[in-house]
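Contents: one structure, followed by commentary.
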Amino acid sequence: MKKIMLTLILAGLLSCLPAMSARADIIEMDNGSKIIGTVTKINGTAVTVKTDFAGVIAVDLAHIVSCRTDGELNFYFSDRQKVFGKLTLTKESARVRLPEGGEFVSETPPGHAWPEGERDPLGRHWRFEVGIDVAGKTGNAERFSAGGRASATLQGPDDRLVLSVRSAVARDDGVESDNHVVGGVDFESYFRDRHSWYARVELEYDRVRKIDLRTTAAAGYGYYFLKKPHHTLRGRTGLMYRHDSLRDEPSQSTVGLDLGISHMYRFRNEWRLINDITYTPSVETRRDYRIYHESFFEIPLVASHLWKLQLGVTNDYVRPPARQSEDLDTTYFGRLVFSWN
């Protein structure tokens, strides 16, 4: 009797194996290898697969010969048409078998894919970041510095809103060398493919430079020279108005240009390189201008990308400088960042 029961259990388990393998998603690579797992995401350049042998991996879409999903996913194609079904992808076409019957066919691969019930990547969603850095030195010289940054980004398919604040304090041999707070709002609306318009407002307090309140408002046109999920290059040009309330000097107002370059590149290991430069010259005199630059590497510390390390430098050059102040501030930082949706 026991032998009969054992035989029936083994037969039942063996009968389930074909069904289990049939539910697996299969990716064939151009080197002849196959990856079997569950496709969880497509972002335009890579396919994310959950496997039993290597956990979650990202596969370059350019090296995929074919991909077949047995599970149903949501898909966005180049025209932002949303499709739900099972994907069969080859170099020639992408076919989605619809649950109600029929088939959707596209000559290009999907730009996005995600499971049912998860967040729509092209829908509006918030992303938050908080970062802090602290440094000190003792011995021949005493130095202490601390800085922080926080941002909230509302990203949608046609626009983006960024709320940000950053601050820093520093003392060298007991003398205050830095004490400033900057808060800003940046709104960008996309039209056509690479074109956008933007408006931004920035408020700044700087105790060392004796700036009680610097208000900068700007608006203009933006163009994306590169607009890919892993690589973007954006230029901006517009008009700017700046008003400075100074501690020991009369208030000053300036009308000028607002010129900027923003660059982002994400490597295959998910590291990112960020570069931002803003140049705001006055239209009244060539000697009145400001250049703000920031560059940093961003390194994920855990697979979930909740914790990241940013290593970079900022340069803030102001002409003419406030009385008894330097015209250039350079800051090197290593910042620990916590981000979440």
Provide the FRET efficiency to the nearest 0.05 for the R268-F128 pair, computing r from the beta carbons and using R0 = 22 Å. 0.25
Modelled FRET efficiency - R0 22 Å, V181 with Y241, Cβ distances, 0.05 increments: 0.60
Förster-model FRET efficiency, 51 Å R0, D248 and I57, C-beta, rounded to 0.05: 0.25
Which loop-located GluC sites (Glu not before Pro) does the stretch 222-314 contain, where loop means any DSSP state but H, G, I, E or B and the Cβ has at most 11 other Cβ atoms within 10 Å? E284
Around Y223, with a cut-off of 13 angstrom between Cβ atoms, what is the net charge of the other residues, counting Lys and Arg +1 and Asp and Glu -1? +3
Set of lysines near K227 by C-alpha distance (under 27 Å), chain-local residues within fewer than 8 positions excluded: K41, K82, K91, K308
Simple label model, 7 Å out from Cα along Cβ direction - N275 to K91, nm: 3.4
Gain on full stretching of the segment that runs from L98 to L306 - 0.36 nm per residue minus C-alpha separation: 71.4 nm
What are the semi-axes of the equivalent ellipsoid for the chain, taken as the square roots of 5 times the Cα gyration tensor eigenvalues, largest first, in whole Å? 52, 25, 15
Net charge around V201, counting only other residues with Cβ within less than 14 Å of its Cβ (Lys, Arg = +1; Asp, Glu = -1)? -2
Tell me which trypsin sites (Lys or Arg not before Pro) from the stretch 72-136 have a DSSP coil assignment and no more than 14 other beta carbons within 10 Å of their own. R80, K91, R119, R124
For a quick check, take a GNM of the chain with Cα springs below 10 Å and name the residue from A24, A54, A218 with the largest mean-square fluctuation. A54
T108 paired with V313, simple spin-label distance in nm, labels 7 Å along Cα-to-beta-carbon: 3.9
Relative contact order of the chain: what whole-number percent is it, with Cα pairs under 8 angstrom and at least 6 residues apart? 8
Here the averaged projected area of the stretch 113-243, based on the convex hull of its alpha-carbon atoms and given in nm², is 11.3
Once you put a point 7 Å from the Cα of L257 and another 7 Å from the Cα of H195, both along the Cβ direction, what distance in nm separates them? 2.1
Using the Karplus curve 6.51 cos²θ - 1.76 cosθ + 1.60 with θ = phi - 60°, work out ³J(HN,Hα) for each residue of the stretch 221-236 in order, rounded to whole Hz, and write x for Gly and Pro. 10, x, 9, 9, 5, 10, 9, 10, x, 9, 8, 10, 9, 10, x, 10
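No lab work stands behind these numbers, since they all come straight from the coordinates. Quick caveat: nothing in here was measured; it's all calculated off a predicted structure. Quick reminder, even Gly has a Cβ in these numbers, built from the backbone with ideal geometry, and neighbours come from all protein chains shown.
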